[in-house]
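First up is the structure itself, then whatever we jot down about it.
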Amino acid sequence: MTTDVKTVNHWIGGKTVEGVSGNYGPVTDPATGAVTTQVAFADVDEVDAAVASAKAAYATWGTSSLAKRTAILFKFRALLDANRDAIAELITAEHGKVHSDALGEVARGLEIVDLACGITVQLKGELSTEVASRVDVSSIRQPLGVVAGITPFNFPAMVPMWMFPLAIACGNTFVLKPSEKDPSASMKIAELLSEAGLPDGVFNVLHGDKVAVDRLLEHPDVAAVSFVGSTPIARHIHTTASANGKRVQALGGAKNHMLVLPDADLDAAADAAVSAAYGSAGERCMAISAVVAVASIADELVAKIKDRAEKIKIGPGNDPTSEMGPLITAAHRDKVASYVTGAAAEGCEVVLDGTGLRVEGHENGHWIGLSLLDRVPVSAAAYKDEIFGPVLCVLRVDTYEEGVALMNASPFGNGTAIFTRDGGAARRFQLEIEAGMVGVNVPIPVPVGYHSFGGWKDSLFGDHHIYGNDGTHFYTRGKVVTTRWPDPSDAPAGVDLGFPRNH
C-alpha cells in the first residue's frame with residue numbers, strides 16, 4: 001500500500017473497513033492520467049464478512065415495517081438531493097465525464113429512489129374471498145434475503161441506484177461490488193444511507209476484481225445477483241450465478257441503431273445523433289453507435305452530423321466549457337482508437353478521425369476526439385463490436401424494410417430509435433423492431449423509473465428487466481396462501497381427503 005494517494009476501503013456493517021488482502025488497484029484522473037487513489041481489493045474472507053453482515057441485518061430488516069423502510073428512504077432521498085454536486089464531482093474526478101453529465105446521472109438515479117419511497121403501493125398483495133365455501137386465497141410478496149449488485153464504471157452512481165433502493169425497500173439487504181475504476185461515489189452513497197438511519201449491515205460496499213465477483217456468484221447466502229456490463233461478462237454472471245441457484249438479472253452490451261427515414265427532420269435527427277453518439281464520450285450502453293440512413297437523405301445527414309461534431313468542445317470534466325471529457329483509461333482509449341485507424345481498410349469512409357486529439361495542459365489525459373465513419377459495411381469491426389467510445393457509424397440502405405432487417409440481424413437488442421414524421425411508419429417500427437427499448441424521435445429511450453429498463457437477445461440474460469415493476473418482482477418472491485376458518489356455529493366436519501368443494 002502506498003501513502004502518497006488516498007485509499008478507498010470497504011463499507012461493511014455500517015462503517016469503513018480497511019482492506020486486509022494487501023491487493024490494491026489504481027484509480028486515475030482521466031483528464032491528467034495521474035493516479036489519484038488506490039482502492040482495496042477484497043479477498044474471499046472479506047466478501048464472506050460483508051455477506052455475513054448483510055445476513056445478520058436481514059434478520060430484523062426483512063421483517064421491519066414498510067413505514068420504517070420508506071421513512072429512511074425519504075431521508076436518504078433528501079440527503080442525496082442535497083449532495084448531488086458532491087457526488088457529481090467524485091464522478092467527474094474518477095470517470096472524467098463533464099459535471100453537467102454527472103449531475104444528470106445522479107438525477108436519473110434519484111428517480112429510482114423516488115420509486116422506492118412509494119414501494120408500499122407496489123408491494124400490495126391480492127385477495128380473493130369465497131373461492132370455495134369459507135375459503136379465501138391471498139397472494140403476497142416477500143423479500144429474498146441477501147442480494148448483490150455488480151455495477152460498471154460508466155455510471156458509478158446511477159446504476160447502483162437502479163438496484164439497491166428497490167432491493168432494500170422490499171426488505172432485502174444489499175452487497176454492492178462497484179467498478180474498481182471509479183469507486184468513490186458508492187462510498188459517498190453508503191455514508192448518506194447511514195446518515196439517513198439505515199441500520200448497519202443493510203447496505204455494504206465491497207471493492208475488488210474477479211476474486212470478489214466470483215465469490216459473490218457462488219456464496220450460498222446470496223439469493224440474487226444484479227449486473228450491468230458487457231455481454232461476455234453478463235453471460236458469465238448469468239451462467240455461474242444460475243448454476244449456484246441464484247436469481248439473476250444480467251444486462252449486457254449493445255449496438256444501438258437509429259433509423260432515419262427520408263421524411264425525417266434532418267436537423268433534429270443530426271442533433272440527436274451527435275448527442276446520443278458522443279454524449280458521455282460514448283461510454284454508455286444506450287449510446288447510438290449506428291445511424292441507418294434510408295435512401296437519398298444520407299449525404300445531407302452525414303454532412304449535418306459532421307458539422308455539429310466538429311464544434312463539440314472536448315476538455316476536462318471540471319471545466320464548465322467542456323462538452324465532452326476523456327475516456328476512463330488509457331487502455332480503453334487505445335482500444336477505441338484502433339477501430340477508427342483500422343476502419344478504412346475494412347471499407348469504411350472516415351469522415352472524421354478523432355484519434356489524434358490532444359488537450360493543451362492535459363497531454364497525459366485519456367483523450368480522443370469524435371470520429372464519424374460513413375458507408376460502413378456490416379462486416380467491419382467498428383460495426384460488429386460494442387466500441388463504448390465516441391465513434392459513430394453510418395450505414396446506408398435503400399428502404400425501410402432493408403433498414404429494419406439490418407437492425408434485426410444484430411445480436412444485440414438493447415435500445416433503438418426511429419426518426420420520421422410518419423406515424424404509421426413509427427407504429428410499424430415499434431412492433432417490428434427486435435429491441436427492448438424503442439424511441440420514436442427520441443434518440444436515447446431510457447425509461448423513466450416507474451417503467452423497466454432492459455434489452456433483448458444478447459443485451460439481457462435472465463427474465464427480469466431492471467427497476468420499475470420488474471425490479472420489484474425481481475427482489476421479491478410470491479407466496480399464495482389458501483385459508484379456511486370454520487364458522488363458530490359449525491360442528492366438527494370430520495376428515496375429508498378430497499379437494500375443497502367450489503360449489
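Would you mind counting up the charge near PRO199? Only other residues with Cβ under 11 Å from its Cβ, with Lys and Arg at +1 and Asp and Glu at -1.
+1
Between SER338 and ASP307, what's the calculated FRET efficiency when r is the beta-carbon distance and R0 is 35 Å? Round to 0.05.
0.85
Among VAL137, VAL5, GLY347, which residue has its Cα furthest toward the positive end of the charge dipole of the chain, with +1 on Lys/Arg Cβ and -1 on Asp/Glu Cβ?
VAL137
Is there a quick way to get the dipole size of the chain? I mean about its Cα centre, with the Cβ of Lys and Arg at +1 and of Asp and Glu at -1; what is the value in debye to the nearest 20? It would help to have the intermediate numbers written out before the result.
Working: 42 positive and 59 negative charges, 238 e Å.
With Lys and Arg at +1 and Asp and Glu at -1, about 1140 debye.
Give me the net charge of GLU349's neighbourhood, meaning all other residues with Cβ under 9 Å from the Cβ of GLU349; Lys, Arg count +1, Asp, Glu -1.
Charge balance near GLU349 sits at 0.
Suppose R0 equals 45 Å. What FRET efficiency, 1/(1 + (r/R0)^6) with r the Cβ-Cβ distance, do THR63 and ALA345 give to the nearest 0.05?
In this case the efficiency is close to 0.10.
Which entries of LYS311/LYS384; LYS188/LYS246; LYS97/LYS177; LYS177/LYS246 show an alpha-carbon separation above 26 angstrom in the structure shown?
LYS311/LYS384; LYS188/LYS246
How do GLU105, GLU218 rank by accessible surface area computed with a 1.4 Å probe, from largest to smallest? Before the final figure, lay out the partial values.
Values: GLU105 5, GLU218 90 Å².
Heavy-atom accessible area, descending, gives GLU218, GLU105.
Would you mind counting up the charge near ILE305? Only other residues with Cβ under 12 Å from its Cβ, with Lys and Arg at +1 and Asp and Glu at -1.
Its environment carries a net charge of -3.
Could you state the angle between the C-alpha long axis of helix 66-82 and the longest principal axis of the C-alpha atoms of the chain, as a value from 0 to 90 degrees rounded to the nearest 10?
20
Compute the angle between helix 266-278 and the longest alpha-carbon principal axis of the chain, please, reported from 0 to 90 degrees and rounded to the nearest 10.
70
Through the Karplus equation 6.51 cos²θ - 1.76 cosθ + 1.60, θ set to phi - 60°, convert the phi angles of the range 417-431 into ³J(HN,Hα) values in whole Hz; use x for Gly and Pro.
The phi angles translate into 8, 10, 10, 6, 9, 9, x, x, 5, 5, 5, 4, 4, 5, 8 Hz.
Once you put a point 7 Å from the Cα of ASP48 and another 7 Å from the Cα of ASP200, both along the Cβ direction, what distance in nm separates them?
Once both label points are built, they end up 2.1 nm from each other.
Could you calculate the contour length gain from ALA132 to ALA243, that is, 0.36 nm times the residue separation minus the distance between their Cα atoms, to one decimal place in nm?
Contour length minus the Cα-Cα distance gives 35.9 nm.
Expressed as an acute angle from 0 to 90° and rounded to the nearest 10, what is the orientation of the C-alpha long axis of helix 99-117 relative to the principal long axis of the chain?
20
With r defined as the distance between the Cβ atoms of THR399 and ASP267 and R0 fixed at 22 Å, what FRET efficiency is calculated, to the nearest 0.05?
For THR399 and ASP267, the calculated efficiency is 0.40.
Collect residues whose amide H, placed 1.01 Å from N in the peptide plane, falls under 5 Å from the amide H of LEU357; neighbours closer than 5 in sequence don't count.
Residues meeting the criterion, in which the H sits 1.01 Å from N, are GLY369.
What does the helix-only formula give at 222 nm for the chain: each DSSP H stretch with n ≥ 4 adding -39500 (n - 2.57), the total divided by the residues, and the result rounded to the nearest 500 deg cm²/dmol?
Mean residue ellipticity, 222 nm, calculated: -11000 deg cm²/dmol.
As I understand it, the dipole of the range 55-118 uses +1 on the Cβ of Lys and Arg and -1 on the Cβ of Asp and Glu, about the Cα centre. Which of THR63, ALA78, CYS117 lies farthest toward its positive end?
Result: THR63.
The values are calculated or read from the model by the stated rules, or taken from the named source; none is laboratory data. Remember, it's a predicted structure, so these values are computed and weren't measured experimentally. Using ideal geometry, Cβ is built from the backbone for each residue, glycine included, and neighbour counts are taken over all protein chains shown. The area values use the complete protein model at the heavy-atom level, side chains included, leaving out ligands, DNA and RNA. Shrake-Rupley method; radii C 1.70, N 1.55, O 1.52, S 1.80 Å.
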